[in-house]
């Protein structure tokens, strides 16, 4: 999932989701990234 892809005056921020154990959840990590983006008013370009 990539974040922000706009004009040259805007920074591009990327996030990636991975798990290293079967106890971790990709969906939980995605939720937290989307929640952070919403709070910080970051536009998501999927």
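Are any residues in the range 1-23 assigned to a loop (DSSP other than H, G, I, E, B), at pLDDT 75 or above and under 14 Å from residue 43 (Cβ atoms), and if so, which ones? Walk me through how you get there before you give the answer.
Taking the range 1-23 and keeping what is assigned to a loop (DSSP other than H, G, I, E, B), we get 1, 4-12, 15-23.
Pick out the ones that are also at pLDDT 75 or above and you get 12, 15-23.
Once the filter is applied, which keeps residues that are assigned to a loop (DSSP other than H, G, I, E, B), at pLDDT 75 or above and under 14 Å from residue 43 (Cβ atoms), the range 1-23 yields 12, 15.
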Test for residue 33: is it modelled with pLDDT of 85 or more, in contact with a helix residue (DSSP H, G or I) (Cβ under 8 Å, 6 or more places away or on another chain) and either assigned to a strand (DSSP E or B) or surrounded by 11 or more Cβ atoms within 10 Å (Cβ to Cβ) (or both) | no
Just give me the residues in the range 36-46 being touching a residue at least 24 places away in the same chain (Cβ under 8 Å) and in a helix (DSSP H, G or I), in sequence order.
-> 37
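The values are calculated or read from the model by the stated rules, or taken from the named source; none is laboratory data. In this text, all values refer to a predicted model and were calculated from it rather than measured experimentally. No Cβ is skipped: glycine too gets one built from the backbone with ideal geometry, and neighbour counts run over all protein chains shown.
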